[in-house]
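Comments concern the structure below.
The values are calculated or read from the model by the stated rules, or taken from the named source; none is laboratory data. Quick caveat, the model's predicted, so the values are computed rather than measured. Neighbour counts are summed over all protein chains in view; Cβ atoms, including those assigned to glycine, are modelled from backbone coordinates with ideal geometry.
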Amino acid sequence: MPELPEVETIKNDLKEKILDKKIIKITCRKRKIVKNNFNFFLNTLIGNKFSNIKRIGKLLIFEINRENLYLLIHLKMTGQLVYCPSRGIVAGGHSYPEQKNTVESAAEAMCLPNKYSHVIFNFADGSNLFFNDMRQFGYFKTVRKDELEIIKKNFGIEPLASNFKLNNFKRIFIKRKAPVKALLLNQKLIAGIGNIYADEILFSAKIKPDRRADSLTGGDMEKIFKAGKLIIKKAIKHRGTTFNNYIDASGRKGNYSRLLKVYKREGEQCLICKNIIKKIKVAGRGTRYCPKCQK
Ligand SMILES: [Zn+2]
């Protein structure tokens, strides 16, 4: 699933491509992807433009150039937004196994609607935005401002926001018995961190993912906080982590994957102590850690 750095990358790339373009047609082949009354959905979008794109956690928020209306898009497990100008390609999300291996051929293949292209936006300048989703957990929803404000309340502190301060961060862990990793993954507490970055942050902070949160010292929490900030920023700088031909919204692969220290490295040597990286289950998720470095 794309996490904060991947969704941030897609947002930034799409902002350069689709803002202020008139939406002239929307094709929806799987109604369940659209979580609205379908006519309301179309009426809020057709003939309008996106004036800005924002993000909270892993949720994309497209501002519509009509007062107080927004389109929300969540990519969930396998959702992919692919922007196709008349020539060339801009894509974001995960590509699919049957696609060819080079960025160019995958890009070309993605510029045609395939059996996973459930929603297609046509813009007045001839460009298109495809939403492809193999597993169909992703969704679209147009909302008014008051609804958006309610939805935003379900998200915890945002690692890139100004209120992401050590004191706010510490409050997440205090008096909680849950494993540290479960709290990092809880979107209502911190928005945008998923399985990849939770493992990487805890490795960097030298904290074992299944440690009970109420056993953390102030110093431990500070280490996790600092690691979180650093890793999320670094991952955005590298345009996220990509697996299975993941292609970001510019047709370029994110290259944070080569910087991963524990994620998907179980059975391999720890890059610091040479001990073997282990895989356990924490909060129902495959979790990698170094038994020697992380306490
Ligand atoms: Zn180690």
Selection from region 281-295 of residues that are over 27 Å from the mean Cα position of the chain (by Cα) and more than 8 Å from the ligand (Cβ to nearest atom): LYS295
Boolean, ILE61 is in contact with a Lys or Arg (Cβ under 9 Å, 6 or more places away or on another chain) and more than 17 Å from GLY126 (Cβ to Cβ): yes
Any hit, region 102-119, residues being modelled with pLDDT of 90 or more and of a type outside the set (Ser, Thr, Tyr): yes
Residues satisfying the stated conditions in region 133-153, i.e. part of a strand (DSSP E or B) and closer than 23 Å to LYS22 by Cβ: PHE140, LYS141, THR142, VAL143, ARG144
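Residue-wise test of (1) in a loop (DSSP other than H, G, I, E, B); (2) touching a Lys or Arg at 6+ places or on another chain (Cβ under 9 Å).
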{"position": "LEU184", "(1), (2)": "no, no"}
{"position": "ILE196", "(1), (2)": "no, yes"}
{"position": "GLU200", "(1), (2)": "no, yes"}
{"position": "LYS208", "(1), (2)": "yes, yes"}
{"position": "GLY219", "(1), (2)": "no, no"}
{"position": "LYS229", "(1), (2)": "no, no"}
{"position": "ILE232", "(1), (2)": "no, no"}
{"position": "ILE236", "(1), (2)": "no, no"}
Some residue of region 262-280 being closer than 28 Å to ASN163 by Cβ, within 16 Å of the ligand (Cβ to nearest atom) and in contact with a helix residue (DSSP H, G or I) (Cβ under 6 Å, 6 or more places away or on another chain): yes
Looking only at region 159-193, and only at residues there that are at pLDDT 95 or above and closer than 30 Å to LEU45 by Cβ, the one that is surrounded by the fewest Cβ atoms within 10 Å (Cβ to Cβ): LYS188
Single unsatisfied condition, ILE172 versus (1) in the same structural domain as ASN43 (by TED's automatic domain parsing); (2) under 22 Å from the mean Cα position of the chain (by Cα): (1)
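Residue by residue, here is whether (1) under 23 Å from VAL143 (Cα atoms); (2) at pLDDT below 90; (3) surrounded by 14 or more Cβ atoms within 10 Å (Cβ to Cβ) holds:
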site	(1), (2), (3)
THR27	yes, no, no
VAL34	yes, no, yes
PHE38	yes, no, no
LYS49	yes, no, yes
LYS54	yes, no, no
GLY57	yes, no, yes
HIS94	no, yes, yes
LYS100	no, yes, no
Matching entry among THR242, THR287 (being part of a loop (DSSP other than H, G, I, E, B) and either in contact with a strand residue (DSSP E or B) (Cβ under 6 Å, 6 or more places away or on another chain) or buried (at least 20 other Cβ atoms within 10 Å of the Cβ) (or both)): THR242
Pair list, Cβ < 8 Å and 6+ apart or interchain, from region 252-281 residues that are in the same structural domain as ALA235 (by TED's automatic domain parsing) and in contact (Cβ under 8 Å) with a residue 40 or more places away in the chain to residues that are within 16 Å of the ligand (Cβ to nearest atom) and basic (Lys, Arg): VAL262/ARG288; TYR263/ARG288
Matching residues, region 65-92, being at pLDDT 90 or above and either touching a helix residue (DSSP H, G or I) at 6+ places or on another chain (Cβ under 6 Å) or assigned to a loop (DSSP other than H, G, I, E, B) (or both): ASN65, ASN68, LEU69, TYR70, LEU75, LYS76
Residue match in region 6-14 (condition: more than 28 Å from LYS115 (Cβ to Cβ) and either surrounded by fewer than 14 Cβ atoms within 10 Å (Cβ to Cβ) or not assigned by TED's automatic domain parsing to the domain that holds ALA235 (or both)): yes
Residue count, region 17-41 (criterion: closer than 13 Å to LEU129 by Cα and without any contact (Cβ under 8 Å) to a residue 40 or more places away in the chain): 1
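May I ask you to verify whether ILE247 is touching a Ser or Thr at 6+ places or on another chain (Cβ under 9 Å), outside any loop (DSSP other than H, G, I, E, B) and either at pLDDT below 95 or within 16 Å of the ligand (Cβ to nearest atom) (or both)?
In short, no.
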Matching residues, region 123-138, being under 17 Å from GLY47 (Cβ atoms) and not acidic (Asp, Glu): PHE123, ALA124, GLY126, SER127, ASN128, LEU129
